[in-house]
Each structure stands twice: as C-alpha cells, then as structure tokens.
1. Is it the case that residue 79 is in a helix (DSSP H, G or I) and either on the phi < 0 side of the Ramachandran plot or at pLDDT 65 or above (or both)?
2. Criterion first (in a helix (DSSP H, G or I), among the aromatic types (Phe, Trp, Tyr), under 15 Å from residue 137 (Cβ atoms) and modelled with pLDDT of 75 or more) does residue 66 satisfy it?
3. Within the group 76, 83, 63, 27, which residue is closer than 27 Å to residue 201 by Cα and either within 14 Å of the chain's Cα centre (by Cα) or among the hydroxyl-bearing types (Ser, Thr, Tyr) (or both)?
4. Of everything in the range 65-91 that's open to solvent by less than 30 Å² (accessible area, probe 1.4 Å) and among the polar types (S, T, N, Q), which residue is nearest to residue 24 (Cα to Cα)?
5. Of (1) at pLDDT below 85; (2) assigned to a helix (DSSP H, G or I), residue 207 satisfies all except one. Which?
6. Please specify each residue of the range 19-38 satisfying the condition of being crowded, with 18+ Cβ neighbours inside 10 Å, under 15 Å from residue 56 (Cα atoms) and at pLDDT 75 or above.
7. Counting only residues that are more than 16 Å from residue 76 (Cα to Cα) and β-branched (Val, Ile, Thr), which one in the range 145-191 is least open to solvent (accessible area, probe 1.4 Å)?
Amino acid sequence: RCIIAAMLGTPMPLSRHGHLFFTSQILKHVPGRIAGVAYQIGNTRRSTPAAPWIAANLMHTALTLYTAVIVSASLLFATRPWLMFLMLAVDTAIWLAGSLCGLPHRINSLLPLHEGRIWNALRRLAQLTAEIPHSAHLKNFGWMILSCALYTLAWVAYGLAHPALGAEGGVHFCALYNLAWLAGYLSLVTPSGLGVREAVFASLALNADP
C-alpha cells in the first residue's frame, strides 16, 4: 500500500486496496502470478495507468526476495543471537542505503536513450521507483521486517510445541522453508512454485526431526 500510494500520488482507501491485493494474491496461485497483476491493472484501468501497478509489484517482489534471503542467511549462519541481529542490521542498512541514496535514480540514468516501447516502459518503471519518498521506503521496509519477525516467532512456537525440536529447531526450519519458498517462487514452473516449494523443503529438512 505504501508503494502504490507513493507512485499514484494519492492514497487509496484501505478497503479498495485490500480487495485488489488479496484478490490478486489468490489469482497469483490460480492460474499464476501474472494473473494477479493483470487483475489489478484491469480493475483500475479507468482511474490508474498500468505502469504504477507493474512497478509496485516489481519492487514488492524485489523486497520480498531480498528479505527472504537475508532472513534465511541470518538464521542459518549466525552461531550466536547477537551475530544474527548484526547480520540483519547490516543487510537492512544495505537495502535502505540503496533505496534512500538515489540508487533508483542512477538506474534510471543508466538506461540508454533508445526509442521503443520496451525502453520507454523500462524508463517509466525506473522513474516511478525513483519518485517514491524516503518515508515510504522506511515504512515499507519496516512492515516487511515486522512480518518476518512474526513469521519467525510462529516457527519458534511450532518448535516449542515439539519438545524434541525446540525453539532452535523451529528457527532452523523457518530458514529452510524460506529457502524452499524462494526456490519455488523463482522456478516459474508451476503457479507460485506449487510442488517445487514442497519438494525443496522436504529435501532440505530430510535429516531434521519432524
């Protein structure tokens, strides 16, 4: 919501945005992820151009993938709690530095000034991303980190519910499932990685306790 509101220049009612977001999430699974974006564009075509929706989804995808990677790496490779928080802090600083220090503007300036629909579309998407205010970047990343923290705590609760696994095992499973989700998302073989995600998670957790 922070991203699309910044790109449109006007806030969208929460009920309206919730409908567009959750319906598109369902359509991303059946029949596929592109269908969700197409629904958002088609449903708002009379009031909103397509470019902001495409740019917002691309940015949300990039942030989601980046967060999944840094959370998994921090949970898997940090041998001490303080080291895990340090890794998360460094990765957060890298994303915010890129977002707040003009990286989208630089990407926009590096795009060659060729004519054509594809180049014009790429320049438009880069321009929309560059126009997002710093406050929206901070708010968006804050919500993403909060959701990851709650998600990790859910896996901790799962581990605590199984004495043989424990909280540490739950955190380990959380990291493995993040990697499996990432593999499924990037596979492009099935809608939202259905089947791929589960197969990768099963193989990664093969030697772990259930």
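1. Details: in a helix (DSSP H, G or I): no; either on the phi < 0 side of the Ramachandran plot or at pLDDT 65 or above (or both): yes.
So residue 79 fails the test.
2. It is true that residue 66 is in a helix (DSSP H, G or I), among the aromatic types (Phe, Trp, Tyr), under 15 Å from residue 137 (Cβ atoms) and modelled with pLDDT of 75 or more.
3. Values: 76 fails: either within 14 Å of the chain's Cα centre (by Cα) or among the hydroxyl-bearing types (Ser, Thr, Tyr) (or both); 83 fails: either within 14 Å of the chain's Cα centre (by Cα) or among the hydroxyl-bearing types (Ser, Thr, Tyr) (or both); 27 fails: either within 14 Å of the chain's Cα centre (by Cα) or among the hydroxyl-bearing types (Ser, Thr, Tyr) (or both).
On inspection, the qualifying residue turns out to be 63.
4. The residue in question is 67.
5. Among (1) at pLDDT below 85; (2) assigned to a helix (DSSP H, G or I), the lone unmet condition for residue 207 is (2).
6. Within the range 19-38, 20, 24, 36, 37 meet the criteria.
7. 190
The values are calculated or read from the model by the stated rules, or taken from the named source; none is laboratory data. A quick note: this is a predicted structure, and the numbers were derived from the prediction, not measured. Positions of Cβ are backbone-derived with ideal geometry, glycine not excepted, and every protein chain shown enters the neighbour counts. Each accessible area value is taken on the protein alone, full model and side chains, heavy atoms only, with ligands, DNA and RNA left out. Shrake-Rupley method; radii C 1.70, N 1.55, O 1.52, S 1.80 Å.
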